[in-house]
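Beneath this line is the structure, given in structure tokens, with notes to follow.
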Amino acid sequence: DCYLIADDVGLGKTLSMAAAALVLSLLDDKPVLILAPATLIWQWQEELEDKLGIPAAVWSTQKKCWLDGERRPLTQKGDPELVAKCPWRIGIVSTGLIVNGDDEGERGALAKKSYGVVILDEAHKARASRGMQGSDPPKPNNLLVFLRAIARNAQSVILGTATPIQL
């Protein structure tokens, strides 16, 4: 299943996506992966905890470990493969890791895992470009390639955006 939540800024998309993920994750025991821009990962963690009472871990791309809401390590530091072994049911990862990562490192480890729910915040950033002439075949960016790959291993995918685009 794939769901799109598109609404103006400030109207509660984060909370709507989180609540939907909570309900959908009750259907199985697989983990939930939230992909959001680095500027929003702490907001995601805070809203999950404060508004829904759900703990979520954030992957630190600098320390290579999972962090709790007080930014304390939940796992050992330094092993990029730990990104696929979130100690809590919900893991939040920066989309920068997906855009700039490689298939041999953290991005590859995430892509191999199976999920109950995958959320992509700011989903309009996962797109394909047609080049300068507009007649070239579409070339998907890293985020779209990853989303397509990970969606095959997810029960549900939730896409959120406040940015209208023409497709």
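The values are calculated or read from the model by the stated rules, or taken from the named source; none is laboratory data. Here the structure is a predicted model, which is why all the values come from computation and not from measurement. For neighbour counting, all protein chains shown are included, and Cβ atoms are generated from backbone atoms with ideal geometry for every residue, glycine included. What goes into the accessible areas is simple: the full protein's heavy atoms, side chains included, and nothing from ligands, DNA or RNA. Shrake-Rupley method; radii C 1.70, N 1.55, O 1.52, S 1.80 Å.
Annotation for the range 30-137: GluC sites (Glu not before Pro) lying in DSSP loop with at most 12 further Cβ atoms inside 10 Å of their Cβ are Glu70, Glu104.
Accessible surface for Lys125 stands near 100 Å², nearest 10, in the context of the full protein assembly shown (1.4 Å probe). Partner lysines whose Cα lies under 20 Å from the Cα of Lys51, excluding those fewer than 8 positions away in the same chain, are identified as Lys13. Rolling a 1.4 Å probe across the protein heavy atoms gives the chain an accessible surface of 55 Å² per residue.
Between the helical axis of 142-151 and the longest alpha-carbon principal axis of the chain there is an angle of about 60 degrees. Over the Cα atoms of the range 74-167, the radius of gyration divided by the Kirkwood radius equals 1.01; this is the Rg/Rh ratio.
Angle, helix 13-25 long axis vs. longest principal axis of the chain, Cα atoms, 0 to 90°, nearest 10? Tilt of helix 13-25: around 70 degrees. Is the range 1-67 best put as rounded, prolate or oblate by its Cα gyration tensor, with a ≥ b ≥ c the root eigenvalues, rounded for a/c under 1.5, and otherwise prolate when a/b is larger than b/c, oblate when not? Oblate, because a/c is 1.5 or more while a/b does not exceed b/c.
The overall shape of the range 24-122, judged from the alpha-carbon gyration tensor, is rounded, with an a/c ratio under 1.5.
I need to check one value: relative contact order of the range 64-119, counting alpha carbon pairs closer than 8 Å and at least 6 residues apart, in percent. Don't jump to the answer; show the numbers that get you there.
Working: 47 pairs, mean separation 15.2, N = 56.
This gives 27 percent for the range 64-119.
Computed from Cα positions, the angle between helix 41-52 and the longest principal axis of the chain comes to roughly 60 degrees.
Can you give the Kirkwood hydrodynamic radius for the chain, in Å, rounded to one decimal and based on Cα pairs?
Roughly 16.2 Å, rounded to one decimal.
For a straight C-alpha distance cut-off of 13 angstrom, the aspartates and glutamates reachable from Lys85 (same-chain residues fewer than eight places away being disregarded) are Glu106. Model label points for Asp68 and Gln43, set 7 angstrom from Cα along the Cα-to-Cβ axis, are 2.6 nm apart.
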